[in-house]
Amino acid sequence: LYISHGAPPLLDDGPWIRELFDWARSMPRPEAVLIVSAHWEDAPLALSATAAHTPLVYDFGGFHPRYHRLCYDTPDVSRLADRVAAMMPADEPVHRRPSRGLDHGAWIPLMAMYPEADVPVLQMSPPSGDPHRLMELGRRLAPLREEGVLIIGSGFMTHGLPFLTRDMVLHGAVPGWSEEFDAWALEALDRGDTEELAAWRDRAPGMPYAHPTADHFLPIFLTPGAAPGRADTARTVIDGYMLGFARRSFRVG
């Protein structure tokens, strides 16, 4: 999956929670989740803590203090971490971060999808900003799908925070750069054109406003990579806008 994960107030948005919850219920319950979030970039490739009940990372500010008291106590995920490490080649070292919990790009959407926190969750840092390398990483991880692991890239289809306006906040106005980028991405996804997506910095309309930094778009490349030969089967499950940013979220394969 690729999920536009939202900020903490997503958890107060009843319709959005329902969309994510219903999406989870439309799929077989996973044995575990492996997620790459826009909020953790680290090289070499790193894996989050595997112990049950590891504290969350509250990597945000400016929101109500209650969001810093939320818990999402998922089960031990050591088995998946060992499996992921074993799938990496010798020239792709894997660093374990035993105290690094899930960040909000992981736990916010998963709290809506699996609110009972009964699915083991492992977070992985993308080791590169190269779309092709991320797709190759997805291809290496693809066998996990047959083992019941749900692979998720978590970002936001448009994320022009520096260009947020009063009209977007108060009235949900959708700027042209957000709408145009979203439409371009949808067309490329419908064609399964990963090369077009990989050239987003140069070819996508609405740039650089839609993504002044790469972090919220790069997780998208894990998704087609993890579904080799099926990139043209992308199906949008959630669309629309939040504060003028495109929420498009989809599954492949």
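The values are calculated or read from the model by the stated rules, or taken from the named source; none is laboratory data. Computed from a predicted model, the values in this text were never measured in an experiment. Because the Cβ atoms are built from the backbone with ideal geometry, glycine has one as well, and the counts that use them run over all protein chains shown. The accessibility values were calculated without ligands, DNA or RNA, using every heavy atom of the protein model including side chains. Shrake-Rupley method; radii C 1.70, N 1.55, O 1.52, S 1.80 Å.
Side notes on the structure shown:
- Residue match in the stretch 53-67 (condition: outside any loop (DSSP other than H, G, I, E, B), surrounded by fewer than 20 Cβ atoms within 10 Å (Cβ to Cβ), at pLDDT below 95 and not basic (Lys, Arg)): yes
- Within the option set Asp76, Asp91, being at pLDDT 95 or above, more than 20 Å from Thr223 (Cα to Cα) and either open to solvent by 30 Å² or more (accessible area, probe 1.4 Å) or touching a Lys or Arg at 6+ places or on another chain (Cβ under 7 Å) (or both) holds for one residue only, Asp76.
- Remark: pairs (first residue in the stretch 158-179, farther than 23 Å from Ile3 by Cβ; second residue part of a loop (DSSP other than H, G, I, E, B); Cβ separation under 6 Å; 6+ apart in sequence or on different chains) = Asp167/Ala173; Ala173/Gly244.
- Checked against (1) within 25 Å of Arg140 (Cβ to Cβ); (2) charged (D, E, K, R); (3) not in a loop (DSSP other than H, G, I, E, B), Asp215 passes all but condition (3).
- Only one of Ser154, Ser128 that is among the polar types (S, T, N, Q), under 16 Å from Leu45 (Cβ atoms) and not in a helix (DSSP H, G or I): Ser128
- Within the stretch 227-237, tally of residues that are outside any helix (DSSP H, G or I), touching a residue at least 12 places away in the same chain (Cβ under 8 Å) and open to solvent by 10 Å² or more (accessible area, probe 1.4 Å): 6
- Filtered by the rule that a residue be open to solvent by less than 40 Å² (accessible area, probe 1.4 Å) and among the hydroxyl-bearing types (Ser, Thr, Tyr), the stretch 173-226 gives Ser178, Thr194, Thr223.
- Taken over the stretch 20-52, the criterion of being assigned to a loop (DSSP other than H, G, I, E, B) and polar (S, T, N, Q) is satisfied by Ser26, Ser48, Thr50.
- Number of positions in the stretch 98-115 that are more than 13 Å from Val77 (Cβ to Cβ), under 20 Å from the mean Cα position of the chain (by Cα) and open to solvent by 20 Å² or more (accessible area, probe 1.4 Å): 2
- In this structure, Ala81 does not qualify as farther than 22 Å from Arg248 by Cβ, over 19 Å from the mean Cα position of the chain (by Cα) and not acidic (Asp, Glu).
- Flag for Phe250 being in a strand (DSSP E or B), within 18 Å of Ile35 (Cα to Cα) and touching a Lys or Arg at 6+ places or on another chain (Cβ under 9 Å): yes
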